[in-house]
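Down below is the structure, laid out as structure tokens.
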Amino acid sequence: MSKNANTYELIYDIVRKIPKGKVTSYGAIGKCIGMGRSARLVGWALKSSSGENIPAHRVVNRKGILTGKHQFSGTHLMQELLESEGLQIVDDQIIDFEKVFWNPMDCLIK
DNA sequence: GGCGTGACTTGAA
DNA sequence: ATTCAAGCCACGC
């Protein structure tokens, strides 16, 4: 008996379930998979997800700031992607972050 | 096998 | 209210 599911797979699975026009935070995902406060792992996993079909641009820190936009191709690509989904971003920060925040627990509740 | 780093979070001063 | 510091887990060398 052992969990074959790697932490990265769990994170990828959650991020893939993020609906369009919504965003979430690293800590929320980390907590959702049972990591508690190791939100750093989520960021690390997402960075490793570079090349995967993961909408990592929908994942931001708890303040709603695009902390990892520099990891994306180009500089404002992440911002443009989010704006393209109907989000408003000013000074690298998402406006009405609470309103566009998607709870990863939603995929577990169902 | 140990140390440092990293797209974070939370609490306390 | 803002700022500082500590905690956390996984990966790379």
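Every number here is computed from the coordinates shown, using simple stated rules; none is lab data. The structure presented is a predicted model; accordingly, all values stated were derived computationally and were not measured. Reconstructed Cβ throughout: ideal geometry from the backbone, glycine too, with neighbour counts over all protein chains shown.
Report the paramagnetic label zone for A:His76: residues of the stretch A:86-101 whose backbone N is under 19 Å from a point 7 Å from Cα along the Cα-to-Cβ axis.
Residues A:86-96 fall inside that zone.
Note down the magnitude of the dipole of chain A about its Cα centre, charges +1 on Lys and Arg C-beta and -1 on Asp and Glu C-beta and zero elsewhere, to the nearest 20 debye. Working shown, then result.
On the way: 15 positive and 11 negative charges, 92 e Å.
Dipole magnitude for chain A comes out near 440 debye.
Averaging over every viewing direction, what projected area does the convex hull of the Cα atoms of the stretch A:35-75 cover, in nm²? Don't skip to the end; give the middle numbers.
Values: hull surface 12.5 nm².
So the Cα hull casts an average projection of 3.1 nm².
Quick one: angle between helix A:39-48 and the longest Cα principal axis of chain A, in degrees between 0 and 90, rounded to 10, please.
80 degrees
With a ≥ b ≥ c taken as the square roots of the eigenvalues of the C-alpha gyration tensor of chain A, please select rounded if a/c is under 1.5 and otherwise prolate if a/b is larger than b/c or oblate if it is not? Walk me through the numbers before you get to the answer.
Values: a/c = 1.91, a/b = 1.50, b/c = 1.28.
It is prolate, given that a/c is not under 1.5 and a/b is the larger ratio.
Per DSSP helix of 4 or more residues, -39500 (n - 2.57); summed, then divided by the residues of chain A. What does that give at 222 nm, rounded to the nearest 500? Write out the running numbers ahead of the final one.
Values: 6 runs with 43 residues, N = 110.
Calculated mean residue ellipticity at 222 nm is -10000 deg cm²/dmol.
On a C-alpha basis, how far is the centre of the stretch A:14-73 from the centre of the stretch A:85-107 in Å? Whole number, if you could?
The stretch A:14-73 and the stretch A:85-107 have Cα centres separated by 12 Å.
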